[in-house]
1. When the helix-only estimate is applied to the chain (DSSP H runs of n ≥ 4, each -39,500 (n - 2.57), divided by the residue count), what is the mean residue ellipticity at 222 nm, nearest 500 deg cm²/dmol?
2. Check which residues have an amide H placed less than 5 Å from TYR142's amide H, if you skip close sequence neighbours.
3. Using the beta-carbon distance between ALA96 and ASP49 and R0 = 45 Å, what value does 1/(1 + (r/R0)^6) give for FRET efficiency, to the nearest 0.05?
4. Can you list, bin by bin at 5 Å, the percent of alpha carbon pairs in the stretch 1-84, starting at 0?
5. Roughly speaking, what is the stretch gain from TYR142 to VAL67, that is 0.36 nm per residue apart minus the C-alpha to C-alpha distance, in nm to one decimal?
Amino acid sequence: MAEQIIFYILAAIIVFCSIMAVATQKIIRSATFLLFVLLGTAGLYLLLDYHFLMGVQIAVYAGGVMVLFIFAILLTNEPGRNVKFEKPGRMFLAGAAALAGLGICGHIIFYNVNKFYTYIVQPEFDMKDVGMAMMGTDKYQYLLPFEAISILLLACIIGGIMIARKR
């Protein structure tokens, strides 16, 4: 019962902050609401006893990616300036696309939920196995994508600095 109450509280926080991240006109506030969404997602991982994913969510996304977003905002934009709303036609089109995506995802989940249960019953991995999978170079190991993402983040930082330097 307590887990359900905590789940509903976290879900309400995530939904509210997600809406506010999109609806607010101040870009720094939008990034702050996104940070709360990421922390709420980490809380859901903790509720599911996925301690490793909770730690990764906080360290990588709430820590690293949000710092990168804030630096990019501060380097490329005036943080106190209001963001203009899009034209109503574009907002309607974006809302329709979001609803279509939600419907497709809901359809896939609804008709495949029994297939997911076979994957949930598997035992939890040892941290050594997770580390070897992330940093290994064999088949089904992820060192190359891990390094490619770090190069992409470095390119974003350099691009933000170059844009800010031109001003």
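FYI, it's all coordinate maths here, none of it is from the lab. Nothing here was measured: the structure is a model prediction, and the numbers come from that model. All Cβ positions, glycine included, derive from the backbone under ideal geometry; neighbour counts span all protein chains shown.
1. That comes out to -25500 deg cm²/dmol.
2. Hits under the 5 Å cutoff: MET134, MET135, GLY136.
3. Computed FRET efficiency for ALA96 and ASP49 comes out at 0.75.
4. Reading the bins upward from 0: 3, 15, 21, 21, 17, 11, 7, 4, 1, 0.
5. 24.6 nm
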